[in-house]
Amino acid sequence: MTASCYSVIMFRKNLKKDPELFQNVSEGLRRLYRNKLFPLEDTYRFHDFHSPALEDADFDNKPMVLLVGQYSTGKTTFIRHLMEQDFPGMRIGPEPTTDSFIAVMHGEQEGVIPGNALVVDPKKPFRKLNAFGNAFLNRFMCAQMPNPVLESISIIDTPGILSGEKQRISRGYDFAAVLEWFAERVDRIILLFDAHKLDISDEFSEVIRALKNHEDKMRVVLNKADQISTQQLMRVYGALMWSLGKIINTPEVVRVYIGSFWAQPLLVPDNRKLFEAEEQDLFVDIQSLPRNAALRKLNDLIKRARLAKVQAYIISSLKKEMPSVFGKDTKKKELIANLGEIYHKIEKEHQISPGDFPNLAKMQELLNGQDFSKFAALKPKLLEAVEDMLANDIARLMAMVRQEEASMPSQSVKGGAFEGTMSGPFGHGYGEGASEGIDELEWVVGRDKPSYDEIFYTLSPINGKVSGAAAKKEMLKSKLPNTVLGKIWKLADVDKDGLLDDEEFALANHLIKVKLEGHELPPTLPDHLVPPSKRGTVLQA
């Protein structure tokens, strides 16, 4: 066996062994990137065309939430509402007040770190932002403070999107490119709109389109919804969905949360219950980020690997077509003009999905400034390493992700506004549906029991109880599906004898009413719904 053959075999063996040594998902992702993906990216200039190289901090950082919107849509107020605390550098007003990107992060001491100092800190995931220059770094800072919300997530506040020439010229840096850089690394992108003056400018449309590859991270908040009536809100919501449908060109509908995300009295309180339910849904979504962070990083690495493979095929194809001596400039122009045909050829030859290719116009623009003669030819070993990563290592890491999630079941965002919806009489759903009457001395079902008793005695009870067949005929009148009625029967038959007495029958009807009013049934019967005669005598399953 030759030395070169032996080294190839050992290289492949080492590829297989690596995953067994990973201590956790973050370490696994970091090593896979460094050992297998980075060499491919570096060889085929991925970092010049798409995204800077990832660093250790990118794999270890807390989940990040990026807030994007036009000025005065309530982005900074939204952050303050979540944390229930002002943060350093915060300015709120009806005019464009936030003129900087502010990373709101946890720190033992309250203070501000300016952009130039921030991008040299290896512990922060912002080092590659130095590529955007001083014009951006002078408008970038980190606000650090000891806040319980920030122990689990970091929040990125962005400047309000301006109109016309202001957006394009006066910033001095590529605003859309910076947003795209953050979008690639954050766990959630929240687009905020003002229900009181809904407007999606051309500039905002461009920004949303720049985030095109990250629709899975995107959520929409229709803020300040308490300032308009129900009828107006319905029209504004419809207009927003129509506009978003034209901008985000996907068949799926993006999730829109409606509410008023600040700690002030509601101006029009008619839709209070809707706002509470929407806020709770959004909070649940944000609270899930720490648990899903490893999976998100894994998903982003897979997306990056697929793009890096395509980049390798494109660059090597261009290199192959270039003449060795004369006519290089002419051939370069011809190849750039025919890049679409090269895409199609690569797609057919390597069985790659069209959706994996980079934007054609943007790629053509970037290729204009490149020296094709310095491009690398195709190196199968580098591609094999990435293929092995996608086929084997990622599957093992997926199993580790599930194990880590199982070992941290309570990992979620706590503190700030999240605490207000956790428990007590102002917790979400308290005193409603199956929780109605939870803190009353009297049995809540007793209020309507006389009317239920009238029905009960028409069913010809024997020894004070009605059979399942008799109860079924009555319960079917609710038109609820059998699966729901079966669950109601299981909850109402407290003593599990297959019959219902008058209290159990009343309880069954009460639970039917709960379901018909749009509430969920409890998994087990709450103590306050147990019939008085059964309390203390029946062990709940």
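Each value in this text was obtained by applying a stated rule to the coordinates, not by laboratory testing. For clarity, every value in this text was computed on a predicted model and none was experimentally measured. Cβ sites come from the backbone with ideal geometry, for glycine too, and all protein chains shown count toward neighbours.
So what's the gap between the Cα centers of segment 212-266 and segment 457-522, to the nearest angstrom? Value for the Cα centre distance between the two parts: 40 Å.
Rounded to the nearest 20, the size of the Cβ-charge dipole of the chain about its Cα centre is 2340 debye, with Lys and Arg at +1 and Asp and Glu at -1. The phi torsions of segment 331-342, fed into the Karplus equation with coefficients 6.51, -1.76 and 1.60 and a -60° offset, translate into couplings of 5, 4, 4, 5, 5, 5, 5, 9, 4, x, 5, 5 Hz, rounded to whole numbers, with Gly and Pro shown as x.
Test of understanding: what is the full-extension gain from TYR457 to LYS62, defined as 0.36 nm times their sequence separation minus their Cα-Cα distance? The partial results should precede the final answer.
Working: separation 395, 0.36 × 395 = 142.20 nm, distance 6.16 nm.
Full-extension gain reported as 136.0 nm.
Placing unit charges on each Cβ (+1 for Lys and Arg, -1 for Asp and Glu) gives the chain a dipole about its Cα centre, and among LEU40, ALA294, ALA506 the Cα reaching farthest toward its positive end belongs to LEU40. Counting only aspartates and glutamates at least 8 places from LYS362 when in the same chain, those with an alpha carbon closer than 13 Å to its own are ASP48.
Along its three principal directions, the equivalent ellipsoid of segment 86-235 from the Cα gyration tensor extends over semi-axes of 27, 20, 15 Å, largest first.
With R₀ set to 56 Å, the beta-carbon distance separating SER201 from ASP495 gives a calculated FRET efficiency near 0.30. Scanning residues 5 or more positions from TYR257 or on other chains, those with amide H under 5 Å from its amide H are VAL220, VAL221, LEU222, with H placed 1.01 Å from N in the peptide plane. Among the trypsin sites (Lys or Arg not before Pro) within segment 104-186, those in coil by DSSP and having at most 14 neighbouring Cβ atoms inside 10 Å are LYS123. Of all stretches in the chain that contain no chymotrypsin sites (Phe, Trp or Tyr not before Pro) in a DSSP loop with at most 13 other Cβ atoms within 10 Å, the longest one is 1-325. Pop the C-beta distance of GLU215 and LYS472 into the FRET formula with R0 = 45 Å and round what comes out to the nearest 0.05. Taking R0 as 45 Å, the efficiency between GLU215 and LYS472 is 0.45. The alpha carbons of segment 439-529 stretch over 34, 31, 23 Å along the principal axes, in descending order.
Under a 5 Å amide H cut-off, with hydrogens placed 1.01 Å from N, LYS465 pairs with nothing among residues at least 5 apart or on other chains. Taking every DSSP bridge with both residues inside segment 64-288, close to 25 percent are antiparallel. Among the trypsin sites (Lys or Arg not before Pro) in segment 452-524, those placed in a DSSP loop whose Cβ has at most 16 other Cβ atoms within 10 Å are LYS479, LYS496.
The length gained by stretching the chain between GLU349 and GLN109 to full extension, at 0.36 nm per residue less their Cα-Cα distance, is 80.7 nm. How much of the DSSP bridge set in the chain is antiparallel, in percent, rounded to the nearest 5? Around 30 percent antiparallel, to the nearest 5. Distant-in-sequence amide contacts of ILE161, defined by a placed amide H-H separation under 5 Å and a gap of 5 or more residues or a different chain, comprise GLY69, GLN70, TYR71.
Label positions at ASP527 and ALA391, each projected 7 Å from the Cα along the C-beta direction, are separated by 5.9 nm. Look at the dipole of the chain built from charges on Cβ: of ILE488, PRO265, MET241, the Cα furthest out on the positive end belongs to MET241.
Restrict the search to segment 247-327; then list the trypsin sites (Lys or Arg not before Pro) that DSSP places in a loop and that have at most 14 other Cβ atoms within 10 Å of their Cβ. Can you show the working numbers first?
Working: sites: ARG255, ARG272, LYS273, ARG291, ARG296, LYS297, LYS303, ARG304, ARG306, LYS309, LYS319, LYS320; in loops: ARG255.
The qualifying sites are ARG255.
Given the DSSP H assignment, sum -39500 (n - 2.57) over each helix run of at least 4 residues in the chain and divide by its residue total; what's the result at 222 nm in deg cm²/dmol, nearest 500?
Numbers: 23 runs with 246 residues, N = 541.
So the calculated ellipticity at 222 nm is -13500 deg cm²/dmol.
Only aspartates and glutamates eight or more places from LYS197 in sequence, or on another chain, were considered; those with a Cα closer than 16 Å are GLU95, ASP226.
Extension gain VAL444-SER324, at 0.36 nm per residue separation less the Cα-Cα distance, in nm?
Details: separation 120, 0.36 × 120 = 43.20 nm, distance 8.77 nm.
Additional length available on full extension: 34.4 nm.
Taking GluC sites (Glu not before Pro) as exposed when DSSP calls them loop (any state but H, G, I, E, B) and at most 10 other Cβ atoms lie within 10 Å, what is the longest stretch of the chain free of them, the sites themselves excluded? Please list the in-between numbers first.
On the way: sites that count: GLU108, GLU252, GLU442, GLU517, GLU520.
The longest uninterrupted stretch comes out as 253-441.
Which number comes out as Rg/Rh for the chain once both Rg and the Kirkwood Rh are worked out on C-alpha atoms? The Rg/Rh ratio comes out at 1.07.
Can you tell me which lysines have their Cα less than 18 Å from the Cα of LYS374? Leave out same-chain residues fewer than eight positions away. Qualifying lysines at Cα under 18 Å: LYS319, LYS320, LYS328, LYS331, LYS332, LYS333.
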